[in-house]
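The values are calculated or read from the model by the stated rules, or taken from the named source; none is laboratory data. What you see is a predicted model; the values in this text were computed from it and never measured. Note that we place each Cβ from the backbone using ideal geometry, even for glycine, and neighbour counts take in every protein chain shown. Note: areas computed on protein heavy atoms with side chains; ligands, DNA, RNA excluded. Shrake-Rupley method; radii C 1.70, N 1.55, O 1.52, S 1.80 Å.
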Amino acid sequence: MSIRKNGRIPAKWGRKRYGFSMLALALAASVMLLLSGCDKAEEASAGPIKGTLRIAMGNEDQFQYEYADYFIAKFPELDVKIVPTQDLYGTNYVKDYMKNYLKLIDEQKPDLLITNSYDYGKLVQEGKLYDLSPLIAKDQFDVGNLLPAAVDFLKMKGDGKLYGLSPSFTSSVLFYNKDLFDKYRIPYPKDSMTWEEMIRLAQRFPAEGGKDERIYGFHMGYMRSPLSLVTYIGQAEGLAYTDPTGSKAMLDTDSWRNIYRMVIDGYKSGVFQWSFMPDKRMYDKEDVEREDMFSAGRAAMTISNLGQINGLKQRGATFAWEMTSAPSSNPGHSSNPNFSVYPIYSINAQAENTAAAWEVVKYFNGREAAKIEAKTSMDLPVRKEFAKEIDGHSLEPFYNVKYNENVQSGYNDSIPVSFTEQLQVIMEKQMQAMLQDGVSVEAGLKQLQEEGQMALDKARAEEKARTGN
């Protein structure tokens, strides 16, 4: 597949709806930046990059929409062929996908892989990615100017080595309504609060008035029940439902007990509120607005990502607001388990055109592309120098983050999907018993541990009978 269509790029594939002309202007401007001597790694490329580059990514349309402009302007003599990954999913979503992905890499031998953090970690484990360290050293690519958390994230998943680079990241912060805090004479949230401190702050707001009119100290949208908040905090703290082997349930632990107590106390005292989203295929404007009480000025605090700022604009929010770091279980923390990077550019360990693949990886993670993206994208760049101030608000809270390699994901792909589904039913039942039926947290989690272990044993037995493993 050539990226050109009769010598032209189709108009509908404009880069993120900004069109080729704007991108071309940005690319032209970036040339001046290069000539001024900005980045040794980007200056290292001598002459046009030629040959064929096979890229494994979703599909050709995605490439045309997101990348074609760049390749036409920056790599005009490079013949790009897309190796589609969109049809790799089977009935067992995760396991079939990765099995098919590995087969695709072995058989079709793409040079460049554009992946996500889950795929990246798995491909490292399977030995499918090329160690970029020698290339980085040779070209003096300025890794030191990238967000340390992004580099740490990739190194942790790469067992200490860099098998990929990513130009943007996502993270979460605590948004707060300054006007509400001022009205009730409550001190603003501090940086690096614990969950307990945040909840105590939320409890200082009056729990008065009707459900549809009153102010809440804290609210997060799309929390279908109090269990949703328990699960969110647990995942943010890196807690798991089972041990690393996936054979023993880990539902009645000190950490889980503390989270259940905090959340249940918060809902019983009226500090938190949740609403059940209607069960339908499409949510209308009213559904979405109901789930964003912070933008409506009815919640003093919320935890969200950069998209919250768009929500505030869309709702026409007129109150003063600010951001600080999201809470954690440990005081003085700076790690944020919600941190992730995307997309990740990696090279196949068996690539036939490593040189061209590296030039592409280097470009999309360099200063030139970052400068262009700063003009055409709302992503958070790992190159902080290109981070935009939004409506007078510094994005510094998003950048005050470290990636803690000791925080492990609660997800374990050795756990049968049927167990995860059944566990949600069991957990919801016990949450209701603790919240409404007077069952203590201790008794509720003891019962949850017993029922959870039985469900896990049953699911693993069924999986073994089905697969023989």
>> Taking θ = phi - 60°, what integer Hz values does the Karplus form 6.51 cos²θ - 1.76 cosθ + 1.60 yield along region 129-136, in sequence order, with x for Gly and Pro?
In response: 10, 8, 5, 7, 3, x, 5, 4
> How much accessible surface area, in Å² rounded to 10, belongs to the heavy atoms of Y65 with a 1.4 Å probe?
Replying inline: 60
> Once amide H atoms are built 1.01 Å from N in the peptide plane, which residues 5 or more positions from K81, or in another chain, come under 5 Å H to H?
Replying inline: L53, R54, I55
> Restricting attention to region 120-175, which chymotrypsin sites (Phe, Trp or Tyr not before Pro) occupy a DSSP loop and are surrounded by at most 13 other Cβ atoms within 10 Å?
Replying inline: none
> Of the cross-linked pairs K138/K384; K268/K313; K109/K248, which ones have a Cα-Cα span greater than 28 Å in the structure shown?
Replying inline: K268/K313; K109/K248
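Which loop-located trypsin sites (Lys or Arg not before Pro) does region 123-195 contain, where loop means any DSSP state but H, G, I, E or B and the Cβ has at most 10 other Cβ atoms within 10 Å? Present the calculation step by step, with values, prior to reporting the outcome.
Numbers: sites: K128, K138, K155, K157, K161, K178, K183, R185, K190; in loops: K128, K161, R185, K190.
Those satisfying the criteria are R185.
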> With every protein chain left in place, what is the accessible area of D191 in Å² (1.4 Å probe, nearest 10)?
Replying inline: 90
> So which aspartates and glutamates pass the test for K402, namely a Cα distance under 15 Å, with those fewer than 8 places away in the same chain ruled out?
Replying inline: D152, D191, E237
> Hey, which aspartates and glutamates would be in cross-link range of K429, C-alpha to C-alpha under 16 Å, not counting anything within fewer than 8 residues on its own chain?
Replying inline: D252, E421, D437, E442, E450, E451
>> Solvent-accessible area of T170, probe 1.4 Å, all protein chains present, reported in Å² to the nearest ten, please.
In response: 60
